[in-house]
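Encoded as structure tokens, the structure appears first; notes follow it.
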Amino acid sequence: MPKHHIKVVELFAGVGGFRIGLEGASDAYETIWNNQWEPSTLHQDASLVYKARFGYKGHVNKDINLVKTEEIPDHDLLVGGFPCQDYSVAATLSRSGGIEGKKGVLWWQIYRILEEKVDKRPRYIFFENVDRLLNSPATQRGRDFAIILASLSNLGYIVEWRIINAADYGMPQRRRRTYIVGYQKGSEVANKIETMENWVKFEGVMAEAFPFSADEGTQSEFDIKGSIQEVSANFNKGQKDSPFENAGIMIDRHVYSVEAIPVYDGTRQMLGDILVDEDFVPEEFFISEEELPKWQYEKGAKKINRISKGGFEYVFSEGGMAFPDYLDKPSRTMITGEGGSAPSRFKHVVQTPSGRYRRLIPIEMERLNMFPDNHTYHPDVSDGRRAFLMGNALVCGIVQEIGRSLYQFIYDEAPVSTKPIHKQRNPRPALTLDLFNTETKELVYNKPKKTYQLDPSKRLLVGIVKKDNEKYFLTEEPTKLYYTDSIRKFPSTIALNKLYYFMPYIKGKGVRDIYLIKLLRLGDKTEVHTETKKDLKAPRFVFELEYLESLPKYQMLTLRYQHAFTDTFLGRVLNK
């Protein structure tokens, strides 16, 4: 058990995207209870997958409307991507019912649980929804979000939000979603807020996780006045635009918001980076020559004469879409209809090196949402339903970064996780994930490609890996932690801010793998070891690393201790 413990309850859990993201952020997050129920369906696919990956303990497959609050254990953090079909991009805004729609009303189940917990309410909340939430409904822009903010304020929460497009921060899918984080008044995080503007722009949980520059002409402040019924009836009535920008905070019903322009200079993943070799793609995912014209028609621009229900003739028109999808850009947003072989305008189609066209397979859809490979695999869940589950899912990488930031604000220290988001969760013994074990060609798991350019002029840290840690650095996972020896032994002249790349040195083998240094901090080995050895408590530099690529083979370097840290450049290794 880690020294800090954050008990999590996950509502509308789907296949566990929040859980994967939070566990990837810190070992402190423990999901103690979760609920997943898909209405109007006998086959509960998401629940089957969730139980297969995480077990039955704490899992409830029951309509949340029928779950009594006393059945839900007390917890520190309530999370959930509450259903949003009634105001999602799959429906035109004028047809969406918003928070009064059939699924929008599930917001009130969240409210009901928080209200009935009374003095046992969680100190923190974390929700996800479609970006259109800030603008719905069409008849009264922003009313739904104002109701949510007002109701949370009534329960004693400070709330901040951001609309984040995952692709803006290097992730492989263009998926815009609203993320809402709340802090109970008097909590560790709430007490750190000094001014609303600085919190949103520079100092807050969201700003730390996803930096941005503010479009200064868009700043606004206003109050949400009246009872919930009055907010519902009167908020922003008669106005064309929502008053909510894509970043903001609410304290005591007072709102500050501003338009955020993403700032990011890290590695990026593109659609082509997540594709498997075509040799692993089942034949049914390829598009035949006979079917290809139908796909080209669906993807192309068109004008069609139609007659409305009222008998009026009109011309339906739509622009063309890329066919096939661009491999050198992040993918388009996945929707729930991604599965199935029928030609469709919205499904992704890629062209393989052999020239054939094909649809995405489930593993690739999982990678677009940054789930582990085969996370949704289950003997009782079809490929079409796996696609539906990913169309409903969130991007685990977004949750991970917000979870890391939230942890740091609560405990004033860096989070540590032994479960990176790409790590396979242990399945139930009856469920095997060795789908390609008869293949002779290697399918690389959990080591996603990135789009970047190596800079040979950047300084490189070559770190010696001790014998007991070699296995850790030889496993193929995209993130790693490296602990130096005690800082008392570390060179005193090193320019820490100039270190850029890292290569682990395996004794007897040399160096091979190239990592990007994402973060350098102080820490000690008790973060990852449970033993009580005195040496583990010695302060060390900790490098948080992101895997980039490997050399064709290991190569030996002559290491001189001082120079290994100060005078080594990536070009020195690459030129060898």
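The values are calculated or read from the model by the stated rules, or taken from the named source; none is laboratory data. Bear in mind that the values here come from a model prediction, so they are computed numbers and not experimental data. Ideal geometry is used to build each Cβ from the backbone, glycine not excepted, and the neighbour counts take in all protein chains shown.
Restricting segment 277-304 to residues that are surrounded by fewer than 17 Cβ atoms within 10 Å (Cβ to Cβ) and aliphatic (A, V, I, L, M) leaves a set whose member that is modelled with the highest pLDDT is L292. State all residues of segment 25-82 that are in contact with a His (Cβ under 9 Å, 6 or more places away or on another chain), touching a residue at least 60 places away in the same chain (Cβ under 8 Å) and within 16 Å of R428 (Cβ to Cβ); if no residue qualifies, say none. Passing the criteria: D45, L48, V49, K51, A52, R53. On the stretch given as segment 1-24, residues that are part of a helix (DSSP H, G or I), within 16 Å of G81 (Cβ to Cβ) and touching a residue at least 60 places away in the same chain (Cβ under 8 Å) total 5. Scanning segment 268-290 for residues that are in contact with a Leu (Cβ under 7 Å, 6 or more places away or on another chain) and not aromatic (F, W, Y) turns up M270, L271, G272, I274, V276.
Quick grid of which residues meet (1) assigned to a strand (DSSP E or B); (2) aliphatic (A, V, I, L, M); (3) touching a strand residue (DSSP E or B) at 6+ places or on another chain (Cβ under 7 Å); (4) at pLDDT 95 or above:
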position	(1), (2), (3), (4)
K225	no, no, no, yes
S232	no, no, no, no
G238	no, no, no, no
P243	no, no, yes, yes
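Return the residues of segment 245-286 that are without any contact (Cβ under 8 Å) to a residue 24 or more places away in the chain and in a helix (DSSP H, G or I); say none if nothing qualifies.
E283
Among the residues of segment 111-146, those identified as out of contact with any Ser or Thr (no Cβ under 9 Å at 6 or more places or on another chain) and aliphatic (A, V, I, L, M) are V118, I125.
Here's the yes/no breakdown for (1) in the same structural domain as L77 (by TED's automatic domain parsing); (2) hydrophobic (A, V, I, L, M, F, W, C); (3) modelled with pLDDT of 95 or more; (4) touching a helix residue (DSSP H, G or I) at 6+ places or on another chain (Cβ under 6 Å):
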position	(1), (2), (3), (4)
V350	no, yes, yes, no
R367	no, no, yes, yes
M370	no, yes, yes, yes
D373	no, no, no, yes
T376	no, no, yes, yes
P379	no, no, no, no
R385	no, no, yes, yes
F388	no, yes, yes, yes
G403	yes, no, yes, yes
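Taken over segment 382-411, the criterion of being polar (S, T, N, Q) and within 20 Å of D168 (Cβ to Cβ) is satisfied by Q400, S405. Regarding segment 448-461, can at least one residue be identified that is of a type outside the set (D, E), in a loop (DSSP other than H, G, I, E, B), modelled with pLDDT under 90 and exposed (fewer than 15 other Cβ atoms within 10 Å of the Cβ)? For segment 448-461, residues of a type outside the set (D, E), in a loop (DSSP other than H, G, I, E, B), modelled with pLDDT under 90 and exposed (fewer than 15 other Cβ atoms within 10 Å of the Cβ): absent. Screening the candidates K537, K533, K518, K509 for the property of being of a type in the set (K, R), at pLDDT below 90 and closer than 30 Å to H422 by Cα yields one hit, K537. Screening R386, R404 for residues that are touching a Phe, Trp or Tyr at 6+ places or on another chain (Cβ under 8 Å) and assigned to a helix (DSSP H, G or I) leaves exactly one candidate, R386. Of all residues in segment 245-276, those satisfying the criterion of being out of contact with any strand residue (DSSP E or B) (no Cβ under 7 Å at 6 or more places or on another chain) and surrounded by fewer than 18 Cβ atoms within 10 Å (Cβ to Cβ) are D252, Y264, D265, G266, G272, V276. Across segment 30-85, the qualifying residues are those that are over 23 Å from R177 (Cα atoms) and in a strand (DSSP E or B), and the one among them that is nearest to the chain's Cα centre (by Cα) is E30. Of the strands (runs of 3 or more DSSP E) lying entirely inside segment 301-381, not one is found with 3 or more residues being in contact with an Asp or Glu (Cβ under 8 Å, 6 or more places away or on another chain), of a type in the set (S, T, N, Q) and farther than 21 Å from G16 by Cβ. Restricting attention to segment 16-48, the residues being closer than 30 Å to L481 by Cα, among the hydrophobic types (A, V, I, L, M, F, W, C) and surrounded by 18 or more Cβ atoms within 10 Å (Cβ to Cβ) number 6.
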